[in-house]
1. Find the residue count for the stretch 13-35, including only residues that are surrounded by fewer than 24 Cβ atoms within 10 Å (Cβ to Cβ) and not basic (K, R).
2. Answer yes or no as to whether G99 is outside the structural domain of V321 (by TED's automatic domain parsing), touching a Pro at 6+ places or on another chain (Cβ under 6 Å) and outside any strand (DSSP E or B).
3. Output the number of the condition that E229 fails; it satisfies all remaining conditions of (1) away from ligand 2 (no atom under 16 Å from the Cβ); (2) within 30 Å of M92 (Cβ to Cβ); (3) out of contact with any Gly (no Cβ under 8 Å at 6 or more places or on another chain).
4. Could you tell me whether L390 is within 16 Å of ligand 2 (Cβ to nearest atom), outside the structural domain of K145 (by TED's automatic domain parsing) and modelled with pLDDT of 95 or more?
5. Identify, please: which residue in the stretch 46-65 is closer than 19 Å to A290 by Cβ and not hydroxyl-bearing (S, T, Y) and is, among those, surrounded by the fewest Cβ atoms within 10 Å (Cβ to Cβ)?
6. Over 21 Å from G28 (Cβ atoms) and within 16 Å of ligand 1 (Cβ to nearest atom) - does that describe any residue in the stretch 86-103?
7. Among the residues of the stretch 66-78, are any within 19 Å of I10 (Cα to Cα) and buried (at least 22 other Cβ atoms within 10 Å of the Cβ)?
8. Which ones in the stretch 138-163 are over 9 Å from V127 (Cα atoms), in a loop (DSSP other than H, G, I, E, B) and more than 14 Å from ligand 1 (Cβ to nearest atom)?
Amino acid sequence: MPKIVDARVIITCPGRNFVTLKIVCDDGTSGVGDATLNGRELSVASYLSEHVVPCLIGRDAHRIEDLWQYLYKGAYWRRGPVTMTAIAAVDMALWDIKGKIAGLPVYQLLGGAARDSVMVYGHANGVSIEDTIAAAIRYRDEGYKAIRLQCGVPGMAATYGVSKDPEFYEPADSDLPTEAVWSTSKYLRIVPELFAAARQALGWDVHLLHDIHHRLTPIEAGRLGRDLEPYRPFWLEDATPAENQDAFRLIRQHTTAPLAVGEIFNSIWDAKALIENQLIDYVRATVTHAGGITHLRRIAALADLYQVRTGCHGATDLSPVAMAAALHFDLSVPNFGIQEYMRHTPETDAVFPHAYSFDRGTMHPGEAPGLGVDIDEDLAAGYEYKRAYLPVNRLEDGTLWSW
Ligand code: CS2
Ligand code: MG
């Protein structure tokens, strides 16, 4: 058996913070897992080094399922983003190790490729509708088959999804949360205009997506869904907060716009009612925040029974390790829908050399054994952790709102 002899937590900040777990076995084989929880990185790092690493030493790295159950049931305290991200990092690293020992890419261990490649969506955004459409045209010209559209809202200084940098989007940019102002009524007016302009400029051969970022009530989301229906959105994401899974029933009663949710889910229990009642069309849980490949496969298996497809979160606050793991999962899972792809900066790509590739709107995890991604520890050591938080949102009267 490959016995675990070392596990270390590596924190690096090549432009933004990433937490990586590296597990090493007695035969020298190592594996990596992403443990990045945006804005709460040190909590997961500490959970791993204080509570998980000591339990791993001496164990059989091949027993992925048993170790998953051990860390989940064994803690007594179940679920939550910190715990589940820590478990996910162990899980990813163990799949990486198993693949390396088998001499196979992880997707082969998951049943092999269920498709030739993975459709991804890119992020087109701009302060105005015109800027957003111009960005979308650039994405289409690069071969993207699916594009997310976010634009500024007139009268509001900053809007979620609209980047200062045209290439890279990084909302966690301050060592204490900055405060933004939100107006639902202004927002509800601009989005249908954006979609109308996008269809006019781009035609109908490209999928268009939109992220509401948990800012609407269910009935407002129903209204927006109806307004966007003529433009055939691929999905409306995070229409309303999903702690109350039943909230999506009201949205469903009013629109046929497909619904996606789940980037902040950390367990199958967050999605169970949404899936079983067919209240959503895409589940966006990720390998990093939802317990790793092992748990995400369980969510996908439940979703498959109800024709709910996957649409993994793929923001840049997930490291290339998560991206690699997601692509192995996406390639192999029967009910794959789409994968989010926000490009990492060249600094980040250099710290995490990887085998996955992009080609005209699709991605492939590559054929390297394991996950096909590593961390250059020397390079990583040159980038010191820097506290960075996501903004908070307030309504115009000062009421705190979802960001
Ligand atoms: C997002 C993210 O990619 C998405 O759809 O909603 O940008 C999200 O804001 C960040 O991942 C937060 O850490
Ligand atoms: Mg989102």
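1. Within the stretch 13-35, residues that are surrounded by fewer than 24 Cβ atoms within 10 Å (Cβ to Cβ) and not basic (K, R) number 10.
2. Criteria met by G99.
3. (2)
4. So L390 fits the description; yes.
5. The selected residue is E65.
6. Taking every residue of the stretch 86-103 in turn, at least one turns out to be over 21 Å from G28 (Cβ atoms) and within 16 Å of ligand 1 (Cβ to nearest atom).
7. The answer is no, given that none of the residues of the stretch 66-78 is within 19 Å of I10 (Cα to Cα) and buried (at least 22 other Cβ atoms within 10 Å of the Cβ).
8. Scanning the stretch 138-163 gives E142, G143, Y144, K145, G155, M156, A157.
The values are calculated or read from the model by the stated rules, or taken from the named source; none is laboratory data. In this text the structure is predicted, and so the values were computed from the model without any measurement. Counting neighbours? That spans all protein chains shown, and the Cβs are built from the backbone with ideal geometry, glycine included. Just the protein is used for accessible areas: all its heavy atoms, side chains included, with ligands, DNA and RNA removed. Shrake-Rupley method; radii C 1.70, N 1.55, O 1.52, S 1.80 Å.
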